[in-house]
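> One structure coming up, written as structure tokens, with questions to follow.
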Amino acid sequence: MLIAAAGPWRGITLILVGLMPVLALSGLVPDLPQLFQQFAAEPHRELLVPMIITVPSLCVALFSGFAGAIADRWGRRRLLLISLLAFATLGTIPMAFTSLTAIIASRVVVGVAEAAILTCGNALLGDYYDEHDRRKWLGYQNMFGALFGSATILAGGLLAGWHWRGPFLLYLFGFVVLALAWINCPEPVRDRSMDGAQAPVQQFPWRTVALVCSVTLGLALIYYVQAVQHGRIFGDLGVQSPARISVLVTLASMGTIVGGYVFRRLINVSTQSLLALSLLAYGVAYIGVACAPDVTVGLPLDALGQVGGGILLPTLIAWSLGKYAFEYRGRGMGLWGGAFFLGAFVSPPAVALVGQFTPGFLASVGAIGALCLVLSAVLYVTRRKGQPQ
């Protein structure tokens with residue numbers, strides 16, 4: 001049995017695999033001012049320079065489904081190893097580039113590799129572990145992810161202070177993860193007892209995909225209100241200094257660790273109940289920051305939203321993994337990843353749309369918080385009435 005043979009190192013490796021998208025995004029955020037300075041003479045730099053950071057996430061949204069189909073046909077391990085090699089190599093190669101176009105092109109390849117890494121990592125989690133152990137490792141991943149993200153931002157800032165190319169050195173860590181995956185992640189052998197409630201099917205379960213992706217996208221819109229516009233939330237609460245905003249965002253993100261811990265402690269609680277709890281936390285947080293008189297009151301309320309996110313993300317992954325049989329788990333989780341990352345691009349326009357009916361940005365956040373409370377109540381009531389989980 002694959003699980004017993006590997007011990008904890010397989011789970012640790014999958015945690016690190018799942019954190020590669022965090023490295024891809026967070027490591028370069030402190031480098032943005034230096035990148036603008038370096039490419040000050042480039043036409044359309046206001047559009048092109050931020051793409052160095054955002055293009056990989058767009059590629060995850062676009063290519064995760066294709067990566068999943070390849071993983072199902074070709075093998076999860078093989079695609080994971082090749083993708084980690086591409087991620088680490090193309091991630092560091094801008095150290096040798098002087099062209100903005102060449103850097104962006106390399107970031108496209110990094111994004112495609114990132115799509116495959118995320119898809120294969122999630123699929124392997126479902127292949128190796130039963131539902132109980134999946135939740136355990138997802139809880140650990142979410143708890144460690146906040147610390148890893150903060151450490152990556154700090155390291156990126158220090159390296160950016162040395163040279164604008166410096167943060168790209170962080171991608172060397174991808175070679176470490178590649179070595180761990182080579183040792184600890186063999187190609188899975190199907191175990192029918194771990195397919196969840198769903199029996200093998202002859203055709204791809206498009207109805208299941210529609211359900212999973214629609215729920216995921218809807219909840220991702222709520223998740224990314226905070227994840228994408230965290231700085232603006234604190235800015236509207238009266239914080240002017242970018243340095244202070246970064247400190248506040250880091251402090252608030254520690255709530256994710258609490259959320260991951262809560263998820264692990266509630267390992268036997270139903271998906272519907274966990275989603276209701278997450279939306280309750282988001283509802284109170286978003287309404288709270290909208291009504292907060294200053295950042296002193298707003299910070300702990302904002303951190304409560306991070307607790308909600310710490311529960312929401314592993315719950316969604318665990319729920320989605322249980323929906324797919326072995327044959328289609330790669331493609332299914334690839335489409336899940338595409339739906340979730342699509343939320344990063346759709347959420348800001350959705351907030352802006354809500355803002356057309358509210359007096360300001362924080363008021364629109366509060367309106368979304370009210371919607372979260374309604375959804376939480378609906379999930380809780382239907383659970384009490386014995387509706388399907």
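> Excluding residue 336 itself, what net charge comes from residues whose Cβ is under 13 Å from its Cβ, given Lys and Arg +1 and Asp and Glu -1?
+3
> Hey, another quick one. Between residue 371 and residue 41, what FRET efficiency comes out of the Förster formula 1/(1 + (r/R0)^6) with R0 = 35 Å and r the beta carbon distance, rounded to 0.05?
Using R0 = 35 Å, I get an efficiency of 0.15.
> Okay, helix-only estimate at 222 nm for the chain: each DSSP H run of n ≥ 4 adds -39500 (n - 2.57), divide by all residues, round to 500 deg cm²/dmol; what do you get?
After summing the helix terms and dividing by the residues of the chain, the value is -27000 deg cm²/dmol.
> Counting Lys and Arg as +1 and Asp and Glu as -1, each charge on the Cβ, what is the dipole of the chain about the Cα centre in debye, to the nearest 20?
700
> Which value, in debye to the nearest 20, describes the size of the charge dipole of region 2-189 about its Cα centre when Lys and Arg Cβ atoms bear +1, Asp and Glu Cβ atoms bear -1, and nothing else is charged?
It comes to approximately 180 debye.
> To continue, here is another question. With each pseudo-label sitting 7 Å past Cα toward Cβ, what's the residue 291-residue 154 distance in nm, one decimal?
3.6
> Convert each backbone phi in region 132-141 into a coupling constant with the Karplus relation 6.51 cos²θ - 1.76 cosθ + 1.60 (shift: θ = phi - 60°), then list the ³J(HN,Hα) values in order as whole Hz, x for Gly and Pro.
The phi angles translate into 5, 6, 4, 4, 4, 6, 5, x, 4, 4 Hz.
> Still on this model: Less than 13 Å Cβ to Cβ from residue 234, Lys/Arg counted +1 and Asp/Glu -1: what total charge do the surrounding residues give?
Here the charged neighbours net out to -1.
> Follow-up question, since we're still on this one. Distance between Cα centroids, region 63-122 to region 236-310: provide it in whole Å.
31
> Residues with beta-carbon under 15 Å from that of residue 261, excluding residue 261: net charge, scoring Lys, Arg +1 and Asp, Glu -1?
+4
> Also, I was wondering about something else. Order these peptides, 314-320, 140-146, by their mean beta-carbon neighbour count within 10 angstrom, highest first.
314-320, 140-146
> Using the per-residue mean of other Cβ atoms lying within 10 Å as a proxy for protection, in what order, highest first, do the peptides 73-83, 350-360 fall?
So the peptides 73-83, 350-360, ranked by packing, come out 73-83, 350-360.
> Given the C-alpha centroids of region 21-59 and region 140-175, what is the distance between them in whole angstrom?
15
> Same structure, new question: Could you derive backbone 3J(HN,Hα) for region 289-297 from the dihedral phi with the Karplus parameters 6.51, -1.76 and 1.60 (θ = phi - 60°), listing whole Hz in sequence and x where the residue is Gly or Pro?
3J(HN,Hα) across region 289-297, in whole Hz: 5, 5, 9, 5, x, 7, 6, 4, 7.
> I would also like to ask the following. Can you bin the chain into rounded, prolate or oblate? Criterion: square roots of the alpha carbon gyration tensor eigenvalues sorted a ≥ b ≥ c, rounded for a/c under 1.5, prolate for a/b above b/c, oblate for the rest.
oblate
> Another question, then. How would you order 212-223, 117-128 from highest to lowest mean count of nearby Cβ atoms within 10 Å?
Listed from highest to lowest mean packing, they are 117-128, 212-223.
Each value in this text was obtained by applying a stated rule to the coordinates, not by laboratory testing. Computed from a predicted model, the values in this text were never measured in an experiment. Don't worry about glycine lacking a Cβ; one is built from the backbone with ideal geometry, like all the others, and counts go over all protein chains shown.
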